[in-house]
1. Treat the count of other C-beta atoms within 10 Å as a stand-in for reagent exposure and order B:99, A:109 from fewest to most.
2. Sorted from largest down, what three extents in whole angstroms do the Cα atoms of segment A:43-119 have along their principal axes?
3. How do B:67, A:56 rank when sorted from fewest to most other Cβ atoms within 10 Å of their own Cβ?
4. At residue A:118 and residue B:91, where each label point lies 7 Å from the Cα along Cα→Cβ, what is the point-to-point distance in nanometres?
5. Roughly what would the spin-label model give for residue A:126 and residue B:75, points 7 Å off Cα along C-beta, in nm?
6. Provide B:109, B:94 in ascending order of the number of other Cβ atoms located within 10 Å of each residue's Cβ, fewest first.
7. Out of all Cα-Cα pairs in segment A:74-192, roughly what percent, to the nearest whole number, are more than 20 Å apart?
8. Mind computing the radius of gyration and Dmax over the alpha-carbon atoms of segment B:37-79? Å is fine for both.
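Derivation of every value follows stated rules applied to the coordinates shown; laboratory data play no part. If you're wondering where the values come from, they're calculated on a predicted model, not measured in any experiment. Cβ placement follows ideal geometry from the backbone for every residue including glycine, while neighbour counts extend to all protein chains displayed.
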């Protein structure tokens with residue numbers, strides 16, 4: 001269990017972040033950081049729950065790093081039109097923001113955030129035209145939505161779950177827009193798994 | 001709340017039935033005599049592609065050749081100690097147990113996934129994964 005001093009410090013930090021306006025942090029960032037307060041109050045032992053949360057967050061960070069690298073590949077491919085490139089770079093920026101928030105959270109929880117790999121296995125030889133790149137990116141985004149959907153129930157801490165849901169929503173929007181760009185039904189079903 | 005849960009369960013049941021009964025695709029008869037719909041399992045596998053690939057390691061290890069492999073036993077992937085030290089062999093049975101609740105079976109796994117509740121869907125997914133042998137063109 002966390003001691004009162006630690007909890008108060010975290011609460012003060014959250015108050016600072018939300019009241020000064022000098023630091024621009026998303027609601028997700030604040031929720032994640034705020035969630036640290038209750039990460040210690042789980043039903044499992046503190047260390048077990050904490051270790052599990054850190055592992056889950058690090059798995060998410062690893063996938064986000066891969067997404068950043070994938071968008072970089074797409075951006076440098078020369079296959080994207082100016083308009084699509086702008087969108088791709090924007091989406092890549094979102095993934096970078098996800099990493100920053102998730103990694104900060106891992107560190108606040110006392111863990112080490114995973115770094116990006118030096119290289120990734122991407123189907124480079126199959127990316128010959130813009131739609132190939134968009135399909136590739138859409139597949140990653142779709143997979144990310146599933147990954148977050150599968151991870152959210154594991155968080156004992158509802159603040160972490162809410163924050164992960166916020167990221168999931170962002171990635172679902174990416175997926176829908178990429179599908180739209182591919183002339184596919186952007187929202188193919190009422191339910192998602 | 002109960003009604004909502006029942007509704008979701010019904011939708012899940014119907015979606016599972018539909019993919020099994022009405023979807024086309026590859027159907028293969030195994031020695032067990034059970035007809036399995038590979039396409040249905042392949043559809044469910046989409047849930048795995050956020051972290052896994054068939055032929056190369058990503059956030060999670062590759063899946064080709066999974067059945068018969070030791071847990072944490074494929075080279076080139078950095079497993080957690082709990083996975084690496086496990087003596088479990090992936091079989092239809094152990095995979096079914098894992099997919100139901102990964103963290104319950106191997107608490108130290110980095111697979112941050114809550115599991116697939118539907119036994120029917122787990123079976124369909126395992127049917128698909130079981131095809132990912134070295135003979136499968138997708139694994140070459």
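1. Values: B:99 23, A:109 20.
If I rank by nearby Cβ atoms, fewest first, I get A:109, B:99.
2. Over segment A:43-119, Cα extents along the principal axes are 52, 21, 16 Å.
3. Details: B:67 17, A:56 27.
By the 10 Å Cβ count, ascending: B:67, A:56.
4. With each label point 7 Å from Cα toward Cβ, the separation is 4.0 nm.
5. 2.5
6. B:94, B:109
7. On the way: 3456 of 7021 pairs.
In whole percent, the long-distance tail amounts to 49.
8. So, for segment B:37-79, Rg and Dmax equal 11.0, 33 Å respectively.
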